[in-house]
Amino acid sequence: MSRPSPSLETPLLQHITLRDKEAPQKIRKLQRCFVLTGKRSMHYNRHSLVSLELIGESGVGEILITGGAGYIGSHIVKRLLEKGMQIIVLDNLQTGHREAIIGGTFIQGDIGNERILSEIFGVHEIDSVIHMAADCLVGDSTKDPLKYFNNNVSKGIKLLGVMLKHKVKKIVFSSSAAVYGNPPRVPIEEDFPPFPINPYGETKLIFEKLLEGCKVAHGLQYISLRYFNAAGADPDGRIGEDHHPETHLIPTVLRALLRKGRKVPIYGTDYDTPDGTCIRDYIHILDIAEAHISALEALHAGVESEIFNLGNGQGFSVKQIIQAASKVTGRTIPVIETQRRPGDPPILVASSEKIEKKLGWSPRHEKLDEIIDTAWRWHRTHPHGFRSSSLKKGVARWT
Ligand code: UFG
């Protein structure tokens, strides 16, 4: 017997918003007679038509996270799940890891693929996007600018196009301190004129301009978070940083301790800084994840589109990081001084006043020792990154 069509009934339309922790149970009950009609999940029977809208505890609906299998993305995913949010991760796994996504719905695909994007937006009740999928290495971008403009700009345009077509107008964007280039002074405030000195920073700045254009033309609501140097790992030890090749300072330093014969290159000792090496603002990955929750909630509360720095407000030189890592690990770090790396600005330190004032976010894990210690715990227990876990599983099966 075929189901009655809603249009043939005179349905009583109920709009249910589930905000409480019992939501999953209630949904399971309703799921038995669910059908998908266009973008909306409908449940109907002879007498009633129920439109079901799922809203997490914070008032945020389903969230699409592009690049959620990466280092920063996976920590954000974990935090969103802990907050009970409904998430869909889209990642092509070129640099991300399937094992890094500890929950939610995972779709392997590229943000440049409009067919996949249309299917995702067509089937899921997405109401906001965290856009992280990008190439993100300063040095690499100076060698292969086309890759950066293609992945970070051209493909991002496709994502925006599909979002707008499906009337999804809230986006949190992973931008970067690299947009500032060589700032005139530190700490850097958001209204300093951006002058990127590498293609990576250029692509992030262009995308911010695209967001602003779409805000004016289409009512897009965005928050752009300009990350400073993400570091550390979730203390529960399940996820951490695993890049191939690894080029970032803190993991390079820690890995050098785990592999015999490795030396940490210090790129340039002749910068105009107290010890001649570059100064960066290292921010704990947990603080970055928390800032995304604040940003999403702010968008849903209707804040104006904004750009915020996401940093700790403290600068440490390459040599200071090496010293701190030596203290935390109790080992001497083997180093080799070498020439400057193209595209590196001498000093990047954030002012986080604006985000503190407008979103109420401030770093909670700001101590450098804590940042390095959590990273060290991850690297020590995962000397081969995520592969270490599967290797361990393999060993367990054989014994
Ligand atoms: N460095 C070394 N030796 C290494 C690795 C790095 O001396 O083996 C130096 C770099 O030259 C730089 C500093 O350590 O001066 C930090 O370098 P990272 O590669 O760890 O990070 P970056 O500052 O180049 O870039 C990172 C992110 C970018 C982001 C930027 C914002 O990769 O996406 O922070 O500050 F834009």
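A compact table of results
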item: Spin-label model distance (nm) - Ser326 vs Lys367, 7 Å beyond Cα toward Cβ; result: 2.1 nm
item: Which listed pairs, of Lys158/Lys215; Lys167/Lys204; Lys83/Lys354; Lys155/Lys209; Lys170/Lys215; Lys263/Lys319, have C-alpha distances above 18 Å, in listed order; result: Lys167/Lys204; Lys83/Lys354
item: Region 62-381: antiparallel DSSP beta bridges as a percent of all, rounded to 5; result: 5 percent
item: Sparsely packed GluC sites (Glu not before Pro) within region 186-257, loop by DSSP, other Cβ within 10 Å at most 16; result: Glu189, Glu246
item: Lys167 paired with His248, simple spin-label distance in nm, labels 7 Å along Cα-to-beta-carbon; result: 3.9 nm
item: Compactness of region 62-381 as Cα Rg over 2.2 N^0.38 Å, two decimals; result: 0.96
item: Trypsin sites (Lys or Arg not before Pro) restricted to DSSP loop in region 276-349 with at most 16 other C-beta within 10 Å; result: Arg331, Arg340
item: Relative intensity, log₁₀ I(q)/I(0), of region 240-288 from a Debye sum that treats every alpha carbon as a point, q = 0.18 Å⁻¹; result: -0.74
item: Length released on extending from Gln94 to Lys354, taking residue separation times 0.36 nm less the Cα-Cα span; result: 90.2 nm
item: Approximate spin-label separation Phe195-Lys209, in nm, with each point projected 7 Å along Cα-to-Cβ; result: 1.6 nm
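A short reminder: the numbers here are calculations on the coordinates, not readings from a lab. Keep in mind that what you see is a predicted model, and the values were worked out from it rather than measured. Cβ atoms come from the backbone with ideal geometry, glycine included; neighbour counts cover every protein chain shown.
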